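Written out below as structure tokens is the structure these notes cover.
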Amino acid sequence: HTTPSGSVAWPAMGNVHADSATLAVKDAPETPVQLAATPLFHLPTMSQIRGSESLNAWHTSLVIGKVEYAFSGQGIRASRPLATHSMLSKKTEVRHLGNTSLTVQKMLQMLNRYFLPQTYDLLCKNCNSFSDCAIYFLLGQRLEGRYRRVEKMGRSGQKIGLMSALKIIGLNYQPNPGSQSFQVEQVIQKIDLEQGHTKDEEDDDDSRGICCCKY
């Protein structure tokens with residue numbers, strides 16, 4: 001469930017670090033990667049503006065092997081599969097994305113520095129930001145756009161309307177100063193340098209490189 005400020009309250013989980021002795025499981029040579037996604041809330045006023053296209057805000061996480069990884073106000077956290085979705089009322093979608101030969105340790109070495117505790121922001125730096133970066137690191141894919149529509153609206157000059165819609169459903173969004181300079185595309189570029197990934201030519205959503213907090 002969401003708190004009045006718009007952040008998500010998770011069940012107790014453990015922070016994860018690349019050098020942690022308690023890091024869940026040792027990765028197999030080919031580890032399955034699944035995306036778990038649950039609607040957090042629906043913005044009906046925005047759906048009317050967009051026509052028939054629905055606008056849901058999503059909570060996403062990755063299940064890598066037998067452990068779930070998600071980003072919240074406590075940073076990147078590890079838990080049993082779907083634990084971060086267990087308190088949400090909507091149905092959780094689980095989809096297999098592929099298998100990776102990269103280890104969780106390497107992923108955390110790359111991403112922990114960008115997803116520190118106390119830097120969560122409902123619109124600018126959320127669970128979907130982490131899922132997008134983690135999927136790209138592990139598989140060279142991007143998080144599907146439908147999971148990021150609310151964030152995209154905040155970056156595309158529609159933030160005033162979005163803030164009004166959030167208030168209607170009882171969310172008092174307050175930008176997190178610790179996330180105002182965050183840009184997903186900067187992390188993607190760093191991953192490109194380390195992994196040698198190439199940009200998906202079909203991914204033309206240039207607005208992802210703009211931080212919504214700056215509007």
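A few remarks follow.
- FRET E, pair GLN195, LYS167, Förster distance 41 Å, beta-carbon r, rounded to 0.05: 0.50
- Here each label is just a point 7 Å from Cα along the line to Cβ, and for MET87 and LEU116 those points are 2.5 nm apart.
- Applying a threshold of 27 Å to the alpha-carbon distances of LYS66/LYS106; LYS106/LYS152; LYS167/LYS190; LYS90/LYS190; LYS90/LYS152 flags LYS106/LYS152; LYS167/LYS190; LYS90/LYS190 as lying beyond it.
- A simple spin-label model places the labels of GLU30 and GLN109 2.4 nm from each other, with each point 7 Å out along Cα-to-Cβ.
Readers should treat all values here as calculations from the given coordinates under stated rules, not as data from a laboratory. Everything quoted here is computed from the prediction, not taken from an experiment. With ideal geometry, Cβ positions are generated from the backbone for all residues, glycine too; neighbour counts draw on all protein chains shown.
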